Structures are given as C-alpha cells and as structure tokens.
Amino acid sequence: MLEGLVMIPINAPQIGEEEIDAVVKVLRSGVLTHGLGEGPMVKKFEEEFARFVEAKYALAVNSGTAALHMAIIGAGIKHGDEVILPSFTFVATAETVVLAGAKPVFVDIAPENYNISPEKIKKAITRKTKAIVAVDLYGSPADLKPIREIADEYGLKLIEDAAQAHGAVYNGKPVGAYADMACWSFYASKNMTTGEGGMVTTNDKEMAEKLKLLRSHGEKEKYKSILLGHNYRMPEIQAAIGCAQLAKLPVFLAKRRENAERLTEKLGKAKKLQLPTEPKNCRNSWYLYTVRFKGSKSEERNAVVEKLRQNGIGAEVYYVCPIHLMPYYRKFGECRLPETEKASEQVFSLPVHPSVTLEQIDFIGETVLHYVE
Ligand SMILES: Cc1ncc(COP(=O)(O)O)c(C=O)c1O
C-alpha cells in the first residue's frame, strides 16, 4: 500500500451515539447479565430480532459459533452421525459439527451463487446422515426450498447458517423460514454487530425450550442441571448494542444495496468478471460483494487483490482455503469438490459497507476494471 493512503476496509462496524448511550445505560443499571441468560436487554433484543426475521422464537448467545453449536446439539446430533454441509464457508460451520462428535460430509457448491448445490446433496446422504447445514454465503440466500424438500424426504434436520445474511430474503421471506433453526452472527464485521454475539431463531417451541437449557448449563432452575449444557449466554451490554444496531439495520442494508447496485453498474462491462446476482424473489444482504475473476488461477487473482490493496481498496478472498483442504479437516476423508476448489481460486470480495461513499464505489469499480481487463 502507498504511504499515507487510507485503506477502505472490507467491512467496518457502524457505531454511533445510540450504541454508546445504550452501553452506558446498562452499566448504570448494574444489571450486566442474568444467571439463565434472560436479562431484560437480552429479552428485548430477542423479541425485536424475532420480529425482524419473522420467527416465533429467538435465543441470543455470545457468538455465531455458539449459535451453530447449540443448533447442532439441539438437533440431537452426536458421535457417529453425519452432517452434510458446504466446504466453501467459514470454518465454524464445520467446526461445530465436529464439536458435537459428528462427521462433516462436504458437498460441492453451485457455481452461480457459491452455495451448497441441492442436486448434489442426495448423493451424500447415508444411513448415518442426520442433518443438512445450508450457508447463505456472502449474504446470498442458499436455494432452500429444494433443500427443505430433501430434508423432509429423508427425515433430516435443516439448519441454516445465516451468519452473513441479516436482511437477506428468499422466496419473499426473510432467510431462515425454511430451516428448523437459523443461526446468526453479530461479529464486528457483520451487517449488524454486538462486538461478538449470535442468535438462534426457530418456529419450534419445544426446540426453543431445549436451546434455552443448552445455553445455560442445562439449567431451568439454578444448580439443577437437567442436561449437558454450556455457558453461551449473551451479556446485557451486547444485547443493548444489538437493539441499537437492529433499529439502524434497514438503513445499513439500504446503503449496502445502493453501493452494490452502483458497483454492478460500474463492473457490468467487465467480460472477465462474474458478478453477484439476485434470483427472482430473493434479496442479498450484501454482506460481501464477491466477484469471480473468470478463468484465472489463484496467482492471477491474488495479484489483482494485491494491486487493489496497494490502491487503498481492502479487497479480500473469502475463502482462500475450503474447509475440506484445511490440515485439520483432511482427516474426515479425501473428497474432490471441483466447483468449490475453482471458486476458492477465482473469487474476491470488495467493500460495499455503509461507510463506503458512492465516490469510493466509483473508484473501486474503475480500479478493478483497470487491473482485470
Ligand atoms: C458463515 C459463518 N458461519 C459462522 C460464523 C461464526 O460466527 P462468530 O464469528 O460470531 O462465531 C461466521 C462469522 O464469522 C460466518 O461468517
């Protein structure tokens, strides 16, 4: 990067006076947490988030990873079971399957949207399969209707990793609607943040009750554990930040959309790029604006990313190493996922978060065109 050049980061938390006031208010209240994870701010945040995603129940936890782990054990997954999931995702999607003692079975992606390919799921189902985890990668919804149909046909649970998808819509409904449980992250880079934090949403009352127990040591009453649990409780300060962020989320999403659409206009003439799309009745959350440098090898793609970074554009590659090729995860069996491997060599993401101005978007578009074409 040139000296004195300010980098446009790939994502940035959008924190204002509202979040600061909300934190101070909690600190002054003296109520920092609740023994069973059900403090007043947590309850408020859960109600408001459930309303936003049109789910009946929401359970706040202290990370997206905790949300996934809780959903996996909530679904009854245990040692000896198999769970089908994409390899082209953040490692937490697979990690939580392994933490539950189950085997991750990786399935290839559809090249258009980088999400798990419904057609390829059936072939991976065995007698040990208990669940499918679909990820809405980059905030672009997975094709959930056919996946739901497969899950129903084979009696499998469907868990949605919606960590990147706050505000995304599938078939006219907020993502999560087709899943038994949807898992969200409020990590600092996400469309809305609590610093660290997460949420599980579900329409299943019994499951919501079980998740509540799993969140706090298996306790319905203090010191009387009725099942094996964790401490996955969200602190009150985090929930207060979450409420302030959720109130602003529609504005954040609108700005991300404006930036993404402008970038698509700018890059539209680039023959060598595959741009992100939104199928009918679907909306991206535009967590990441990810393009594919068609036909490139990773070295060529990396060279473009490096040039962009030298020009102050915080381009990043998600994900440079698919999970099935990570050293730890190779032990779950050799598999060839050609679309996943190709995508990991060709994609790169560009900043469209709410702090990026339209002038910066134009600069990003022109700079990308310059180095790619
Ligand atoms: C797809 C995906 N799954 C899971 C996670 C885990 O969330 P967290 O970082 O809040 O634990 C993340 C976020 O980092 C993610 O992007």
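Rule-based calculations on the coordinates, nothing more; no lab input. What you see is a predicted model, and the numbers here were worked out from it, not measured in a lab. So basically every Cβ, Gly included, is an ideal-geometry build from the backbone, and we count neighbours across all protein chains shown.
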Size of electric dipole in segment 250-372: Cβ of Lys, Arg +1 and of Asp, Glu -1, about Cα centre, debye, nearest 20: 280 debye
In order over segment 69-82: 3J(HN,Hα) from phi, Karplus 6.51/-1.76/1.60, θ = phi - 60°, whole Hz, x for each Gly or Pro, gives 4, 5, 5, 5, 6, x, 6, x, 6, 8, 3, x, 7, 10
Please give, to one decimal in nm, the separation of the simple spin-label points placed at S298 and K269, each 7 Å out from Cα toward the Cβ. 3.4 nm
Of the listed links K123/K190; K173/K331; K56/K342; K122/K173; K157/K331, those spanning more than 31 angstrom between alpha carbons are K123/K190; K173/K331; K56/K342
Out of all DSSP beta bridges in the chain, what portion is antiparallel? Express it as a percent rounded to 5. 55 percent
Which order do the peptides 265-278, 241-254 take when ranked by the mean count of other beta-carbon atoms within 10 Å per residue, highest first? 241-254, 265-278
Determine the equivalent ellipsoid of the chain by diagonalising the alpha-carbon gyration tensor, then write out the semi-axes as square roots of 5 times the eigenvalues, largest first, rounded to whole Å. 33, 27, 17
Considering the dipole of segment 256-373 built from charges on the beta carbon (Lys and Arg +1, Asp and Glu -1) around the Cα centre, which of P322, G365, N302 is farthest to its positive end? P322
Quick one: among E261, E54, E206, which has the greatest mean-square fluctuation in a GNM of the chain with alpha-carbon springs under 10 angstrom? E206
